[in-house]
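What follows is a set of notes on a single structure, which appears directly below.
The values are calculated or read from the model by the stated rules, or taken from the named source; none is laboratory data. None of these values were measured; they are calculated from a predicted model. All Cβ positions, even for glycine, are placed from backbone atoms using ideal geometry, and neighbour counts span all protein chains on display.
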Amino acid sequence: MDAIDVIRVKRDGGTLTPGQIDWAVDAYTRGAIAEEQMAALAMAILLNGMTRPEVARWTDAMIRSGERMDWSALDRPTTDKHSTGGVGDKITLPLAPVVAACGAAVPQLSGRGLGHTGGTLDKLESIPGWRATLSTEEMLGVLAEAGAVVCAAGGGLAPADRKLYALRDVTGTVESIPLIASSIMSKKIAEGTGALVLDVKVGSGAFMKTVPDARELAETMVAIGTDHGVRTVALLTAMDRPLGDAVGNAVEVAESVEVLAGGGPSDVVELTVTLAREMLAAAGVSGKDPADALRDGTAMDVWRRMISAQGGDPSAPLPAAAETHQVLAPSSGVLTRLDAYGVGVAAWRLGAGRARKEDPVSSGAGVVCHAKPGDRVTAGQPLLTLHADDEARFARALESLDGAFEVSEGGTADRHPLVIERIA
Ligand code: URA
């Protein structure tokens with residue numbers, strides 16, 4: 001087979017055969033297709049799309065490019081959640097312990113942040129001593145000890161996706177629904193979970209800006225999961241404003257611990273409980289309700305065991321940034337808009353995120369919101385507190401907040417409901 005023939009089929013709007021897909025993914029993983037040829041194929045896919053059978057086969061080929069994990073030795077069903085990424089999305093931190101406290105096992109492979117969206121591993125690494133990299137045996141040990149484990153994916157899992165994602169990142173080919181769906185689902189299916197809940201974010205701070213695009217992505221992923229025997233459900237959830245009050249790393253860990261202690265912002269609590277119920281139902285586990293696990297301290301017990309089992313000290317003080325700067329309400333009225341993208345870029349520029357994969361992140365940097373859309377505010381009251389290790393970072397962060405919020409006398413907030421739609 002020849003790479004140019006495969007590229008021409010997609011370039012001309014045709015449909016790839018299963019044989020062409022298997023060959024292209026395998027040859028690319030082995031280095032037999034050049035980076036520029038795969039870049040051309042990815043661009044042709046972005047422009048001309050893929051049929052559902054093509055996406056399914058492409059995902060299959062990416063799964064077969066590496067190892068598949070197996071949790072059948074565990075004495076309870078496995079269930080996992082994947083979020084397509086957003087601003088202030090710390091939900092994995094309270095969610096994994098809550099679900100484990102209700103009786104399912106949660107083996108979660110997570111990622112790092114890139115650009116304006118944060119990464120779960122970066123957040124957890126702000127806990128002194130906590131380790132993201134575990135062997136499969138260590139993962140099993142943490143699961144046995146705590147019921148939940150959150151760690152980095154090893155290099156053997158869907159290596160085709162690892163290579164292709166890095167290429168898409170630098171060739172303007174990330175924003176393709178078939179490529180996003182196959183990338184996410186190849187890793188989640190290879191991870192070996194029995195059930196999966198997809199949190200597909202919609203709004204300015206998300207990959208998917210509109211409900212129809214998010215629905216298309218969710219339906220594609222649910223079909224792929226179901227075809228592979230993974231019980232898969234998707235929720236479309238709001239990412240037009242930040243989730244919770246804290247956006248950053250240590251500040252999000254602190255907020256998650258508040259939720260585990262039975263408090264915390266109501267949107268974070270609501271989404272944690274909703275996703276936990278979906279994860280338990282998909283795994284066929286009934287009994288304890290997630291809201292009770294937050295109230296009675298059992299989720300907090302799992303969190304402390306999970307963090308300790310990965311070398312972290314759950315009682316240690318979290319790192320704090322050296323400098324703070326307050327953004328004040330310009331007038332009195334209703335906060336009608338607090339744009340997730342603007343706040344996410346501000347947190348990134350303050351040092352909470354990275355521009356390149358190899359960049360370090362600041363644990364203490366971020367933004368804390370003191371009001372949410374719909375709240376009444378008074379002129380001069382703090383709206384946001386910016387945290388950074390170096391005050392030179394405030395000017396650029398403030399630029400990204402220019403136009404990111406609006407206070408209007410007599411106005412009302414125009415926003416998505418937190419949970420927009422369920423797709424099963
Ligand atoms: N996350 C992934 O893992 N892959 C994509 O393509 C986009 C987001």
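Assorted remarks:
This table checks each residue for (1) among the hydroxyl-bearing types (Ser, Thr, Tyr); (2) in contact with a helix residue (DSSP H, G or I) (Cβ under 7 Å, 6 or more places away or on another chain); (3) not assigned by TED's automatic domain parsing to the domain that holds Ala291.
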{"residue": "Lys10", "(1), (2), (3)": "no, yes, yes"}
{"residue": "Ile21", "(1), (2), (3)": "no, yes, yes"}
{"residue": "Tyr28", "(1), (2), (3)": "yes, yes, yes"}
{"residue": "Glu36", "(1), (2), (3)": "no, no, yes"}
{"residue": "Met43", "(1), (2), (3)": "no, no, yes"}
{"residue": "Glu54", "(1), (2), (3)": "no, yes, yes"}
{"residue": "Gly66", "(1), (2), (3)": "no, yes, yes"}
{"residue": "Asp89", "(1), (2), (3)": "no, no, no"}
{"residue": "Cys102", "(1), (2), (3)": "no, yes, no"}
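- Residue in segment 178-189 that is among the hydrophobic types (A, V, I, L, M, F, W, C), surrounded by fewer than 22 Cβ atoms within 10 Å (Cβ to Cβ) and more than 9 Å from the ligand (Cβ to nearest atom) present: no
- The residues of segment 333-373 that are surrounded by fewer than 22 Cβ atoms within 10 Å (Cβ to Cβ), among the small types (Gly, Ala, Ser) and not in a loop (DSSP other than H, G, I, E, B) amount to a single one, Gly333.
- Taken as a whole, the condition of being among the β-branched types (Val, Ile, Thr), away from the ligand (no atom under 16 Å from the Cβ), outside the structural domain of Cys369 (by TED's automatic domain parsing) and in contact (Cβ under 8 Å) with a residue 60 or more places away in the chain applies to Val268.
One line per residue, one yes/no per condition, for (1) assigned to a loop (DSSP other than H, G, I, E, B); (2) modelled with pLDDT of 95 or more:
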{"position": "His387", "(1), (2)": "no, yes"}
{"position": "Arg393", "(1), (2)": "no, yes"}
{"position": "Arg396", "(1), (2)": "no, yes"}
{"position": "Ser400", "(1), (2)": "no, yes"}
{"position": "Gly403", "(1), (2)": "yes, yes"}
{"position": "Val407", "(1), (2)": "no, yes"}
{"position": "Gly410", "(1), (2)": "yes, no"}
{"position": "His416", "(1), (2)": "yes, no"}
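- All conditions in (1) closer than 22 Å to Ala281 by Cα; (2) more than 13 Å from the ligand (Cβ to nearest atom); (3) in a helix (DSSP H, G or I) hold for Pro212, with the sole exception of (1).
Yes/no matrix, rows are residues, columns are (1) free of Cβ contacts under 8 Å to residues at least 24 places away in the same chain; (2) under 27 Å from Ala238 (Cα atoms):
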site	(1), (2)
Gly342	no, yes
Arg349	no, yes
Pro360	yes, no
Cys369	no, yes
Gly380	no, no
Leu383	no, yes
Ala397	no, yes
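- Some residue of segment 164-176 being surrounded by 23 or more Cβ atoms within 10 Å (Cβ to Cβ), near the ligand (Cβ under 8 Å from one of its atoms) and closer than 22 Å to Leu134 by Cβ: no
- Residue within segment 217-236 that is in a strand (DSSP E or B), within 30 Å of Leu140 (Cβ to Cβ), within 16 Å of the ligand (Cβ to nearest atom) and of a type in the set (Ser, Thr, Tyr) present: yes
- Top-ranked residue in segment 348-386 [being among the β-branched types (Val, Ile, Thr) and farther than 17 Å from Pro319 by Cα; ranked as nearest to the chain's Cα centre (by Cα)]: Val377
- Residues that are aliphatic (A, V, I, L, M) and either buried (at least 23 other Cβ atoms within 10 Å of the Cβ) or within 16 Å of Val202 (Cβ to Cβ) (or both) within segment 68-89 comprise just one, Val87.
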